[in-house]
Amino acid sequence: MKRRNFIRNTGIGTGSIFAGGSFFSLLASCTKGDMMNNNGMNMGGQPFPITEGNFSRLLPIPNTVTGNVSLTAQATTSNVNGNNISVLGYQANGILGPTIRVNNGTNANISFQNNLSEKSNIHWHGLKIPANMDGHPEDIVNPGSSFNYQFTVNQRAGLNWYHPHPDGATARQAFQGLAGLFMVNDSEEAALNLPSGNFELPLVIQDKRLTSSGITYNPSMGEVMSGYMGETIIVNGVAFPFAEVASRFYRLRILNGSNARIYNLAFSNNTDIIIIGNDGGLLKNPIAVKNILLAPGERLDVLVNFAGATIGTEIFLESRVFDNGGSAQGKQGFKIMKFKVTQSVNNSFTVPVSLSSINAIPPSSSSKTRTFVINAMQMSNGMNMTGIHRINDKVYDSSRIDERVAANATEIWVFDNSQGDEPHPMHLHGVHFQVLERKGGRAKLTASESGWKDTVLVLPRETVKIIIPFATLEGVFVFHCHNLEHEDDGMMLQYQLA
Ligand code: C2O
Ligand code: CU
Ligand code: CU
């Protein structure tokens with residue numbers, strides 16, 4: 001009998017595979033609240049509830065810099081919730097790094113100084129740049145050392161971001177504050193005359209676990225399962241902020257920079273979220289929704305219209321409950337930030353009917369299909385509680401090339417979470433892809449999954465198929481779950497383009 005069937009028949013969490021004996025050592029070394037509920041096993045972990053604040057702090061906007069900049073990873077302080085607490089930053093007094101904003105074609109030259117007491121590096125999430133500049137987990141910068149990231153931006157307009165990627169320490173360093181935005185602009189985007197300046201707001205949404213002195217990061221075993229979540233939502237580095245807005249259209253550039261938490265974004269007045277872009281830039285056409293899921297690593301470019309709201313109106317960006325998120329996610333609705341209408345203006349902007357030309361890649365152009373089983377939790381290593389999260393039963397190993405891909409090939413990759421109990425936002429370095437199909441679970445693509453993506457959410461029971469045009473960026477890149485606890489636990493493989 002297959003082990004999986006054995007587990008099914010005994011009624012212990014479907015999709016979990018335990019090698020003989022280690023299941024019991026696992027139980028012996030975990031506290032009950034960690035991994036079990038009253039019904040027995042709860043291998044997906046527990047929800048971590050949000051404690052809402054009072055939305056009395058002004059939303060800060062990270063300073064914008066060019067592609068010629070110095071970033072210094074450092075221990076510093078930042079006023080996150082009224083107190084100056086210890087954080088990690090890419091600049092002094094900042095939990096977030098500056099927003100790097102460049103036009104397509106720019107030669108970026110970013111000198112990175114690592115003033116942490118541990119190894120770090122920078123990965124440019126969403127940028128299609130050579131492997132030796134990508135911040136591979138083994139390409140690290142030692143404490144006290146520096147590295148120049150030099151590359152030419154060669155991609156369409158879009159919202160990308162940067163964060164550390166050292167093997168095994170990505171999650172903690174990102175959670176303690178190291179992240180920033182990297183925006184690319186181009187002429188196609190400029191021609192649309194989208195709301196800009198004060199009417200284009202970057203929103204980096206993260207959850208943090210705060211004390212009066214700092215950010216706690218000490219995941220228990222259950223939190224390696226669920227991912228590490230916090231009780232406080234911060235936007236652009238400040239807890240539960242507010243923004244004053246005029247009665248007109250705004251463009252919101254949203255990043256879910258959380259380690260693990262998925263948001264089901266909506267506005268409290270149920271106004272339309274008009275999605276115009278995602279990870280890889282503008283969609284073909286705008287699409288209006290009332291709510292949309294945003295997983296760690298994913299970005300959204302949306303228009304929202306505050307026209308018609310009278311002065312004094314308060315509208316909240318919130319996260320609503322959602323289904324299929326496993327045992328730890330989607331159980332609680334909460335407010336994220338407040339928009340307060342303080343100015344009445346004429347609103348002449350109209351949403352463009354067409355945004356960009358995007359050609360769907362025909363599946364027939366794929367030369368190879370690769371399937372990746374991502375249902376995790378093969379407890380084959382006894383008391384050693386790392387390496388629970390795997391891809392095709394493999395834990396990340398920098399000395400092993402898992403997939404060899406030919407330059408310029410187009411391939412279909414399938415992420416199979418059909419037997420899994422946890423959400424996995426799967427992310428590929430070095431490419432953008434199109435999402436072809438989702439089976440099981442939600443059983444369809446969402447409004448933000450057309451166009452180009454670099455991260456796709458695969459919820460429990462789902463199988464998601466993507467099509468990837470690999471170009472000519474030869475070298476070794478990683479692909480992984482962007483639940484950063486899963487990633488640090490080993491849910492990451494390498495492909496080599498050659
Ligand atoms: Cu944003 Cu490999 O990550
Ligand atoms: Cu990335
Ligand atoms: Cu995962």
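Considering only residues of the stretch 472-487 that are aliphatic (A, V, I, L, M) and more than 12 Å from ligand 1 (Cβ to nearest atom), which is surrounded by the most Cβ atoms within 10 Å (Cβ to Cβ)?
476
If you go through the stretch 146-171 and keep only what is under 14 Å from the mean Cα position of the chain (by Cα), away from ligand 3 (no atom under 16 Å from the Cβ) and hydroxyl-bearing (Ser, Thr, Tyr), you end up with just 162.
Filter the stretch 244-282 for residues that are aliphatic (A, V, I, L, M) and under 19 Å from the mean Cα position of the chain (by Cα) and give the result.
Taking the stretch 244-282 and keeping what is aliphatic (A, V, I, L, M), we get 245-246, 252, 254-255, 260, 262, 265-266, 273-276, 282.
Matches in the stretch 244-282: 252, 254, 255, 260, 262, 265, 266, 275, 276, 282.
For the stretch 197-225, filtering for residues that are at pLDDT 95 or above, hydroxyl-bearing (Ser, Thr, Tyr) and out of contact with any strand residue (DSSP E or B) (no Cβ under 8 Å at 6 or more places or on another chain) leaves 1.
Out of 190, 174, report the one residue that is within 16 Å of ligand 3 (Cβ to nearest atom) and either touching a residue at least 60 places away in the same chain (Cβ under 8 Å) or not hydroxyl-bearing (Ser, Thr, Tyr) (or both). Before you say what the answer is, go through the steps one by one.
Details: 190 fails: within 16 Å of ligand 3 (Cβ to nearest atom).
After ruling out the rest, the residue left standing is 174.
Residue by residue, here is whether (1) more than 18 Å from the chain's Cα centre (by Cα); (2) away from ligand 1 (no atom under 13 Å from the Cβ); (3) not aromatic (Phe, Trp, Tyr) holds:
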site	(1), (2), (3)
392	yes, yes, yes
399	yes, yes, yes
443	yes, yes, yes
459	no, yes, yes
463	yes, yes, yes
470	yes, yes, no
489	no, yes, yes
495	yes, no, no
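Screening residue 173 against (1) crowded, with 22+ Cβ neighbours inside 10 Å; (2) modelled with pLDDT under 95 leaves a single unmet condition, (2).
Condition check: in contact with a helix residue (DSSP H, G or I) (Cβ under 8 Å, 6 or more places away or on another chain) and either outside the structural domain of residue 304 (by TED's automatic domain parsing) or surrounded by fewer than 23 Cβ atoms within 10 Å (Cβ to Cβ) (or both). Does residue 248 satisfy that? So residue 248 fits the description; yes. Of the residues that make up the stretch 54-66, is at least one modelled with pLDDT of 95 or more, part of a strand (DSSP E or B) and exposed (fewer than 14 other Cβ atoms within 10 Å of the Cβ)? Yes - at least one qualifying residue is present in the stretch 54-66. Identify all residues within the stretch 450-498 that are assigned to a strand (DSSP E or B), within 13 Å of ligand 2 (Cβ to nearest atom) and of a type in the set (A, V, I, L, M); write none if there are none. 456, 478, 492, listed by residue number.
Within the stretch 158-170, is there a residue that is of a type in the set (S, T, N, Q) and more than 14 Å from ligand 1 (Cβ to nearest atom)? No, there is no match, as no residue in the stretch 158-170 is of a type in the set (S, T, N, Q) and more than 14 Å from ligand 1 (Cβ to nearest atom).
Looking across the stretch 119-157, the residues that are within 13 Å of ligand 2 (Cβ to nearest atom) and assigned to a strand (DSSP E or B) come down to 123, 124, 125. Counting residues in the stretch 461-468 that are of a type outside the set (Val, Ile, Thr), surrounded by fewer than 21 Cβ atoms within 10 Å (Cβ to Cβ) and more than 11 Å from ligand 3 (Cβ to nearest atom) gives one or more.
For every residue, the table says whether it meets (1) farther than 16 Å from residue 471 by Cβ; (2) exposed (fewer than 15 other Cβ atoms within 10 Å of the Cβ); (3) not assigned by TED's automatic domain parsing to the domain that holds residue 469.
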| residue | (1), (2), (3) |
| --- | --- |
| 389 | yes, no, no |
| 394 | yes, no, no |
| 398 | yes, yes, no |
| 406 | no, yes, no |
| 411 | no, no, no |
| 419 | yes, no, no |
| 423 | yes, no, no |
| 432 | no, no, no |
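Just one of the listed residues (418, 398) is over 22 Å from residue 127 (Cα atoms) and either in a loop (DSSP other than H, G, I, E, B) or in contact with a Gly (Cβ under 9 Å, 6 or more places away or on another chain) (or both), and it is 418. Report the residue count in the stretch 435-449 for those that are buried (at least 21 other Cβ atoms within 10 Å of the Cβ) and either in a strand (DSSP E or B) or of a type in the set (Lys, Arg) (or both). So the answer is 1. Across the stretch 433-460, the qualifying residues are those that are within 17 Å of residue 264 (Cβ to Cβ) and of a type in the set (Ser, Thr, Tyr), and the one among them that is nearest to ligand 3 (Cβ to nearest atom) is 455.
The values are calculated or read from the model by the stated rules, or taken from the named source; none is laboratory data. Since the structure is predicted, the reported quantities are computational estimates derived from the model, not experimental observations. No Cβ is skipped: glycine too gets one built from the backbone with ideal geometry, and neighbour counts run over all protein chains shown.
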